[in-house]
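Down below is the structure, laid out as structure tokens.
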């Protein structure tokens with residue numbers, strides 16, 4: 001497909017999606033007004049998402065369950081405009097997650113985005129995170145915050161993804177799920193949730209196995225997520241959360257060259273099989289949060305957590321291969337005070353908090369032959385990262401129509417590395433990054449159905465320990481030359497309720513960054529990084545949902561991002577020139593998700609949907625996903641064409657005694673489109689491409705029984 005055709009197709013799809021939104025606005029079906037989803041990410045206190053002065057979206061448990069087997073965040077979060085989740089089809093490297101383009105550089109894991117699970121960080125102090133930390137089978141909702149207000153969460157310029165484990169119900173229930181699908185996929189889940197006296201318990205254990213679409217991509221995962229809740233007095237609520245993630249095997253098919261992609265997209269990359277590239281992960285985390293309410297307007301929340309992570313990865317780099325491994329211990333604490341008070345006659349809700357997090361790890365590496373360690377050790381170092389942050393945030397209703405939000409966060413991030421191998425000490429060193437991030441916004445509450453807002457904020461993003469690990473691809477030397485990226489965020493938006501069952505959100509944004517962290521080279525494992533002098537992102541995001549009829553719902557999420565280098569620079573070992581105006585790689589130029597869902601029962605967003613009776617009957621839907629062109633390198637010489645895919649899904653629920661048995665079926669990429677799902681940014685050996693599977697299917701059974 002030519003660039004012109006791709007752009008024309010993108011424009012057509014975007015216009016079609018906008019037409020769908022207009023049709024939704026013009027439909028005449030009206031029903032009782034239902035409450036908008038409640039969110040906490042924007043203001044750190046409960047409020048309707050419609051009233052939140054920011055671009056924030058909440059995805060509920062029903063959407064998560066109906067989007068697939070609940071393995072990947074990409075199943076359900078593609079409904080969030082501005083959030084891009086590219087499924088690599090490679091569980092050794094995790095999903096590629098970016099918000100407004102931040103995080104797209106990551107060759108593995110998540111960068112530049114703050115992950116929280118039940119208020120406890122799943123992101124280390126240096127900004128690393130893994131999407132697999134979120135156990136989707138027991139998640140009640142996921143909130144995604146984009147834009148300036150996300151800067152008040154610290155070292156994360158892109159945004160915040162926050163997941164919440166379900167609360168234990170008054171009437172206990174047990175549940176089981178079994179999924180099977182293409183490429184040997186098997187998924188099971190077993191869950192108990194209920195209250196015994198003053199104690200509530202949610203215990204969830206799930207497994208996942210797949211042979212994979214590509215050769216050498218077999219995966220085995222097991223995960224447990226538990227939440228114990230109880231009241232320690234009339235005004236004090238305690239949550240204890242334990243999570244264990246065990247991935248004993250994740251084969252790595254690596255990326256493909258353009259020639260390999262054209263020949264056979266399901267093959268493994270060069271030397272992936274011969275050198276048995278793979279990853280092994282074991283992570284345990286225990287945390288607790290305690291909230292004490294002094295009265296209805298004043299509360300104090302404290303959190304404390306600790307965890308361990310063991311990670312071993314075998315790579316294809318070098319003449320025979322290599323391995324790297326880490327043993328990490330991490331912990332943290334936080335304190336947050338929420339209050340509602342008045343300044344004169346002006347009501348003000350405000351929060352002040354302090355957060356400290358620390359991660360210590362031993363990182364080792366050496367040579368490997370046929371995927372097994374040799375006696376040669378080239379890397380043995382002790383790393384430490386910590387952050388110490390203070391924050392204050394306040395929202396004031398200065399008049400009946402206008403509210404103002406403001407905040408300030410001071411962040412200090414510190415790195416230390418002690419090299420136990422290199423005699424010259426090049427692997428040892430320390431560095432620190434400090435930043436003050438202010439945020440200011442104003443919301444105009446035009447009426448009960450229209451809110452307009454504008455926000456400004458400054459953010460920063462430090463490099464991660466992995467990104468300062470190498471000065472060049474062959475030298476594991478601590479690199480203190482990388483600066484933290486600093487950014488200025490501008491955002492205006494509107495939230496509109498045309499009538500009782502329709503909502504539209506529109507956001508326009510601009511982000512100017514200096515010293516943005518970019519990939520300098522990536523030969524297949526030992527990636528190196530540097531700073532680009534300047535980047536600019538501009539774009540828009542549109543989301544909408546409506547009941548076209550009592551039994552038919554339409555959903556839309558569309559975005560367009562123009563992310564480019566605003567200043568020229570050179571990169572790589574050959575000082576390759578990068579022109580001003582080049583696109584930042586790894587960021588789709590546009591993205592559209594739309595869904596049309598039919599139900600045999602009337603759709604209602606009220607709490608009635610939680611009743612057993614609401615789970616009975618049939619549902620059927622069609623999903624359209626459109627992604628624009630994707631650049632793979634800074635020179636923009638390697639690209640992946642945009643694509644359009646269709647997914648078909650259906651489920652049916654039967655009453656079995658007091659319980660419900662739900663059967664589901666899903667076909668993804670129904671038109672068998674051949675396309676690239678993600679790219680490895682600036683891969684030095686030109687192995688950029690990670691292809692997506694063709695037509696594939698999933699069937700499942702879910703049984704829930706109240707006790």
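The values are calculated or read from the model by the stated rules, or taken from the named source; none is laboratory data. Predicted, not measured: the structure shown is a model, and the values here were computed from it. Note that we place each Cβ from the backbone using ideal geometry, even for glycine, and neighbour counts take in every protein chain shown.
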From 406, 441, residue being modelled with pLDDT of 90 or more, in a strand (DSSP E or B) and buried (at least 21 other Cβ atoms within 10 Å of the Cβ): 441
Scan of the stretch 213-238 for residues that are touching a residue at least 40 places away in the same chain (Cβ under 8 Å), surrounded by 17 or more Cβ atoms within 10 Å (Cβ to Cβ) and in a loop (DSSP other than H, G, I, E, B), ordered by number: 213, 214, 216, 217
Search result, residues across the stretch 618-643 that are farther than 16 Å from residue 87 by Cβ and assigned to a strand (DSSP E or B): 618, 619, 620, 621, 622, 624, 631, 639
Any hit, the stretch 571-584, residues being in a strand (DSSP E or B), touching a helix residue (DSSP H, G or I) at 6+ places or on another chain (Cβ under 9 Å) and within 26 Å of residue 487 (Cβ to Cβ): no
Residue within the stretch 309-318 that is in contact with a strand residue (DSSP E or B) (Cβ under 8 Å, 6 or more places away or on another chain), in a strand (DSSP E or B), more than 27 Å from residue 685 (Cβ to Cβ) and in contact (Cβ under 8 Å) with a residue 60 or more places away in the chain present: no
Residues of the stretch 194-206 satisfying the condition of being crowded, with 16+ Cβ neighbours inside 10 Å, free of Cβ contacts under 8 Å to residues at least 40 places away in the same chain and touching a strand residue (DSSP E or B) at 6+ places or on another chain (Cβ under 6 Å): 200, 201, 203, 205
Hits in the stretch 272-299 (condition: out of contact with any strand residue (DSSP E or B) (no Cβ under 7 Å at 6 or more places or on another chain), surrounded by fewer than 17 Cβ atoms within 10 Å (Cβ to Cβ) and part of a loop (DSSP other than H, G, I, E, B)): 274, 296
Number of the condition not met by residue 122 [criteria: (1) surrounded by fewer than 24 Cβ atoms within 10 Å (Cβ to Cβ); (2) at pLDDT below 90; (3) within 18 Å of residue 204 (Cβ to Cβ)]: (1)
Filtered residue count, the stretch 335-352, keeping only those that are surrounded by fewer than 20 Cβ atoms within 10 Å (Cβ to Cβ) and either assigned to a strand (DSSP E or B) or in contact (Cβ under 8 Å) with a residue 60 or more places away in the chain (or both): 11
Of all residues making up the stretch 65-111, the number that are touching a helix residue (DSSP H, G or I) at 6+ places or on another chain (Cβ under 6 Å) and part of a helix (DSSP H, G or I): 1
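Residues are listed down the side, and each one gets a yes or a no for (1) within 20 Å of the chain's Cα centre (by Cα); (2) in contact (Cβ under 8 Å) with a residue 60 or more places away in the chain:
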{"position": "502", "(1), (2)": "no, yes"}
{"position": "509", "(1), (2)": "yes, yes"}
{"position": "514", "(1), (2)": "no, no"}
{"position": "544", "(1), (2)": "no, yes"}
{"position": "565", "(1), (2)": "no, yes"}
{"position": "578", "(1), (2)": "no, no"}
Residue within the stretch 139-162 that is surrounded by fewer than 18 Cβ atoms within 10 Å (Cβ to Cβ) and under 25 Å from residue 630 (Cβ atoms) present: no
Selection status of residue 329, in a strand (DSSP E or B), surrounded by fewer than 18 Cβ atoms within 10 Å (Cβ to Cβ) and more than 24 Å from the chain's Cα centre (by Cα): no
Breaking point among (1) surrounded by fewer than 24 Cβ atoms within 10 Å (Cβ to Cβ); (2) within 25 Å of residue 315 (Cβ to Cβ); (3) under 12 Å from the mean Cα position of the chain (by Cα), for residue 104: (1)
Among (1) over 20 Å from residue 58 (Cβ atoms); (2) modelled with pLDDT of 95 or more; (3) crowded, with 22+ Cβ neighbours inside 10 Å, the one test that residue 111 misses: (2)
Matching residues, the stretch 118-143, being under 14 Å from residue 357 (Cβ atoms) and under 14 Å from the mean Cα position of the chain (by Cα): 121, 122, 123, 127, 128, 129
